[in-house]
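> Below is one structure. I have some questions about it.
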Amino acid sequence: MALHWAVDNIPAGEIPLFTATAGATTMRNPTLPSELDVQVELPTIMPRSKTRPSVRLTEAQRAIEQDAEIPYLTEQELIERIQQLRKERNAVILAHNYQLPIIQDLADFVGDSLQLSQQAAQTDAPVIVFCGVHFMAETAAILCPDRTVLIPDPEAGCSLAATVTAEEVRQWKQNHPDGVVVAYVNTNADVKAEADYCCTSSNAVKVVQSIPEDKEILFLPDMFLGLYVQRMTGRKVHLWLGECHVHAGFRAEDIARALESYPDADLLLHPECGCVSQCMFALAAGDLPAERTFVHSTGGMVRHVRESRAPIHLVATEVGMLHRLQKEAPHKQYIPVKADAICEYMKTITLPKLYRALRDMVYPVRVEEPIRSRARKAIDRMLEVV
Ligand code: 13P
Ligand code: SF4
């Protein structure tokens, strides 16, 4: 039975990005040549990101609404209390580039997944308040078991991390006993514990290049990043068929149209985007302008706008990025390629929740042994390859 692989927000069948054969492991994109066929592992439920849990009314949000103090505080009062408490607690506030502007503005450090892990590994602050999604706070907890790591809302999950379980990785490894497992950092701790290496979007290519050529690679869970890695390294990579619901919705037509509408602009494309392999092929064929098209992690995007001469940047990732870029290089213009690319998980972290995290020391994130030590090995390898 042939399955048409369509991305979230696009009705199945309308844009058959990939055609896979159920029970088989070869996937091909009809718009790409057959040498770009890939080996995939079909997850149990397809597409996995469609099963993502709702975060409309989380337990932390309910606690805020029922709180005796917080609903009566103005934004300014909340900020003043946060400033006072962070000093008293000697806390460091780390925030991902997709966080709400007010959270980014209050943070001690704002960065991409790799930079946040590096910051967590380096800080000597006894309390780390992690404003990002749960796997990021877990990574900090794995790196700093002697510190208190808090996340203001533990239901800040990640649709991509939710596409694979530790049991599924164990089964996958059984089918490829000599395979080396490379897990994107967007995974839960027990999945990292099954991996040989972790990577982020900023060092995935280097991590795979550092693995001996004769080794089979099992890359999980993001198939689009995996396709990108395969293309950049020329290595045979087995892919897990996971996706991020926010990035899967970016289409090659949107990218081409944006580049055409803004001839002076550079395009910044996150490697999780659903169209990244089509764009890579269009670049190689000369159908997209190579001198203006750049695939970057969110940290790479920040470096790019600092250094580029382009007056306008088209941003193909989650829209929280625009605030970060605007602060970094305010004299330039930033246009979102998809204005509705919003990660609801990142946006669950709000000012009242950040205040409550510092006031009540909630919610602690801990990773117990032996998962912690096993996951730590894979994360350390990620931090070695920068
Ligand atoms: P970066 O590592 O590029 O910040 O990406 C993290 C992420 O979750 C992208 O969706
Ligand atoms: Fe996860 Fe996608 Fe949100 Fe990134 S944007 S945290 S990959 S759901």
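The numbers here are math on the coordinates, done by the rules we state, and not lab data. Since this is a predicted model, take the numbers as computed values, not measurements. Glycine gets a Cβ as well: all are built from the backbone with ideal geometry, and neighbour counts include every protein chain shown.
> Which percent, nearest 5, of DSSP beta bridges in the chain are antiparallel?
20 percent
> Semi-axes of the stretch 252-336's equivalent ellipsoid from the Cα gyration tensor, sqrt of 5 times each eigenvalue, largest first, rounded to whole Å?
20, 13, 11
> Can you tell me the relative contact order of the stretch 252-336? Whole percent, Cα pairs under 8 Å, sequence separation 6 or more.
Values: 108 pairs, mean separation 27.9, N = 85.
Dividing the mean separation by the residue count of the stretch 252-336 yields 33 percent.
> Could you tell me the distance between the Cα centroids of the stretch 223-256 and the stretch 92-169, to the nearest Å?
One Cα centre to the other: 24 Å.
> Which lysines have a Cα lying under 25 Å from the Cα of residue 353, excluding residues fewer than 8 positions away in the same chain?
Candidates past the 8-residue exclusion: 87, 327.
> Also, I was wondering about something else. Grab the DSSP H runs of the chain that are 4 residues or longer, score each as -39,500 (n - 2.57), total them, divide by all residues and round the 222 nm result to the nearest 500 deg cm²/dmol.
-10500 deg cm²/dmol
> Right, next: What list of ³J(HN,Hα) couplings, whole Hz, do you get for the stretch 162-176 from phi and the Karplus terms 6.51, -1.76, 1.60, once you set θ to phi - 60° and write x for glycine and proline?
6, 7, 9, 10, 4, 5, 5, 5, 4, 5, 4, 5, 4, 6, 9
> Could you give the size of the charge dipole of the stretch 121-259 about its Cα centre, using +1 on the Cβ of each K and R and -1 on the Cβ of each D and E, expressed in debye and rounded to the nearest 20?
440 debye
> Enumerate the calculated ³J(HN,Hα) couplings along the stretch 354-362 in order (Karplus 6.51 cos²θ - 1.76 cosθ + 1.60, θ = phi - 60°), each rounded to whole Hz, writing x wherever the residue is Gly or Pro.
5, 4, 4, 4, 6, 5, 9, 6, 10
> Any idea how far apart residue 108 and residue 55 come out in nm if each label point goes 7 Å out from Cα toward Cβ?
Calculated label separation equals 2.3 nm.
> Which whole-Hz couplings ³J(HN,Hα) result when phi for each residue of the stretch 202-207 is put into the Karplus expression 6.51 cos²θ - 1.76 cosθ + 1.60, θ = phi - 60°, listed in order with x for Gly and Pro?
7, 10, 4, 5, 5, 4
> Along the Cα→Cβ direction, 7 angstrom out, place labels at residue 377 and residue 261. What is the inter-label distance in nm?
So the label points at residue 377 and residue 261 sit 5.0 nm apart.
> Of all alpha-carbon pairs in the chain, indicate the percentage at a distance above 37 angstrom. Show your work: numbers first, answer last.
Details: 14392 of 74305 pairs.
That tail contains 19 percent of the Cα-Cα pairs.
> When DSSP beta bridges are limited to those with both residues in the stretch 252-336, what percentage is antiparallel, rounded to the nearest 5?
0 percent
> Now for a separate question. So if we plug the beta-carbon distance of residue 122 and residue 287 into 1/(1 + (r/R0)^6) with R0 = 41 Å, what FRET efficiency do we get, rounded to 0.05?
0.45
> State which stretch of the chain is the longest one without any exposed trypsin sites (Lys or Arg not before Pro), exposure meaning a DSSP loop state and at most 16 other Cβ atoms within 10 Å. Write out the running numbers ahead of the final one.
Details: sites that count: 56, 215, 236, 309, 366.
Looking at the chain, 57-214 is the longest stretch - no exposed trypsin sites (Lys or Arg not before Pro) with at most 16 other Cβ atoms within 10 Å.
> Can you tell me how much longer the chain between residue 340 and residue 75 gets when fully stretched, taken as 0.36 nm per residue apart minus their C-alpha distance, in nm with one decimal?
Working: separation 265, 0.36 × 265 = 95.40 nm, distance 2.56 nm.
Result for the pair: 92.8 nm of gain on full extension.
> What are the semi-axes of the equivalent ellipsoid of the stretch 237-386, taken as the square roots of 5 times the eigenvalues of the Cα gyration tensor, listed largest first and rounded to whole Å?
Semi-axes, largest first: 32, 21, 15 Å.
> So which GluC sites (Glu not before Pro) in the stretch 278-386 pass both tests, a DSSP loop state and at most 10 other Cβ atoms within 10 Å of the Cβ?
368
> Which pairs break 18 Å Cα to Cα here: 173/215; 192/347; 215/236; 206/236? Mind showing how you got there, number by number?
Working: 173/215 13 Å; 192/347 25 Å; 215/236 9 Å; 206/236 15 Å.
Those over the limit are 192/347.
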